[in-house]
Each structure stands twice: as structure tokens, then as C-alpha cells.
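Structure first, then comments.
The values are calculated or read from the model by the stated rules, or taken from the named source; none is laboratory data. Just so it is clear, the structure is predicted and the values come from calculations on it, not from any experiment. Cβ atoms come from the backbone with ideal geometry, glycine included; neighbour counts cover every protein chain shown. The area values use the complete protein model at the heavy-atom level, side chains included, leaving out ligands, DNA and RNA. Shrake-Rupley method; radii C 1.70, N 1.55, O 1.52, S 1.80 Å.
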Amino acid sequence: MADIRRSAGLLLFRRAPGGVEVLLGHMGGPFWARKDAGAWTVPKGEYAGDEQPWDAARREFREELGLPAPDGEPLPLGEVVQSGGKHVTVWAVEGDLDPADAVFGTFTTEWPRGSGRTAEFPELDRVAWFPLDAARDLVVTAQAAFLDRLAERV
């Protein structure tokens with residue numbers, strides 16, 4: 001039996017005049033470069049079995065955005081299973097940040113595929129604030145459940 005791949009993340013939200021907004025990241029790398037719908041994600045990342053998910057969520061926020069994870073009362077939004085089988089656990093935290101301040105972490109992959117050459121790409125290539133309805137149209141399909149759960153709680 002294969003090990004379950006697990007990720008944990010933080011969904012930053014703020015209250016704006018038009019309603020609640022969430023901070024999403026656009027996935028980096030050549031595969032996502034020209035995609036918009038389904039190419040945005042909660043800042044998150046994988047963790048090993050010995051790391052607590054909450055600690056991993058805070059670490060991954062810092063690694064992916066280059067900014068400290070926000071302080072605040074975490075709202076647990078539960079877990080979803082994405083289409084690739086990865087189990088993702090997310091907490092929402094109220095806070096604010098300027099997307100221009102983000103300094104994105106990177107990953108290395110073979111590109112073009114099959115070429116034998118490797119290149120470095122940002123894990124996220126940009127972050128932005130979105131009203132909940134707009135975010136639902138952009139986020140990875142399974143992660144829309146986190147937006148619905150947040151809407152029920154705030």
C-alpha cells in the first residue's frame with residue numbers, strides 16, 4: 001500500500017467592504033503558466049508523518065511566500081482529497097498582507113520533459129486577493145470546499 005501524500009496550508013482572509021476576500025497563489029512552473037481557472041491554490045505544501053499539520057501549514061506559508069505565517073486564531077477548515085489523491089488540510093487565519101511583498105520559494109524539475117535538463121521555477125508565481133465567489137472559479141476544484149467552509153464560519 002502506497003503512503004498517503006499529505007499537505008497542509010493556511011488560507012488567509014480579510015474582511016473588505018464588498019465581503020470576505022481570500023489570498024490565493026497561482027501555481028508556478030511552465031505547466032501552469034497559461035492557465036488561470038483551476039491554477040490557483042491555498043498556500044500549502046507536503047509534510048512528513050512526524051510533523052504536525054498545523055506546524056507544516058505555517059512553515060509552508062513562510063516557504064512559499066517568503067513572509068511569516070500570520071498570527072491569529074486558526075479556524076480549522078478540515079481536509080479534502082484532491083484529484084491526484086493528495087490529502088490537504090487547511091486552516092483559515094484572518095490577516096492582511098501586500099502581495100507585492102511576497103518572495104516565492106522555488107522547485108527544480110526537468111524541463112522540457114524528457115530533455116534531461118533541469119530548471120528552477122517558483123512554487124507560486126504570484127498571489128492575489130479575491131472575493132469568495134471569484135476565488136471559487138479559480139481555485140483547484142477540491143479546494144473550493146475550503147472556501148465554502150470559510151463562508152459558513154465568518
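State which residue pairs qualify: first residue buried (at least 19 other Cβ atoms within 10 Å of the Cβ) and inside the stretch 9-22, second residue hydroxyl-bearing (Ser, Thr, Tyr) in any location, beta carbons under 8 Å apart, and separation of 6 or more residues or different chains. Once the first residue is buried (at least 19 other Cβ atoms within 10 Å of the Cβ) and sits in the stretch 9-22, its partners that are hydroxyl-bearing (Ser, Thr, Tyr) give GLY9/THR41; GLY9/THR89.
When the stretch 30-62 is filtered for residues that are at positive phi and at pLDDT 95 or above, nothing remains.
Picking from residues in the stretch 111-131 that are among the basic types (Lys, Arg) and over 22 Å from GLY9 (Cβ atoms), the one that is nearest to the chain's Cα centre (by Cα) is ARG113. Can you spot a residue in the stretch 120-142 that is in contact with a strand residue (DSSP E or B) (Cβ under 6 Å, 6 or more places away or on another chain), aliphatic (A, V, I, L, M), part of a loop (DSSP other than H, G, I, E, B) and in contact (Cβ under 8 Å) with a residue 12 or more places away in the chain? Yes, there is a match, as at least one residue in the stretch 120-142 is in contact with a strand residue (DSSP E or B) (Cβ under 6 Å, 6 or more places away or on another chain), aliphatic (A, V, I, L, M), part of a loop (DSSP other than H, G, I, E, B) and in contact (Cβ under 8 Å) with a residue 12 or more places away in the chain. If only residues of the stretch 42-91 that are without any contact (Cβ under 8 Å) to a residue 24 or more places away in the chain and within 14 Å of the chain's Cα centre (by Cα) are counted, the one that is most open to solvent (accessible area, probe 1.4 Å) is ARG62. Does PHE121 qualify as being surrounded by 18 or more Cβ atoms within 10 Å (Cβ to Cβ), modelled with pLDDT under 95 and among the hydrophobic types (A, V, I, L, M, F, W, C)? Yes: the conditions hold for PHE121.
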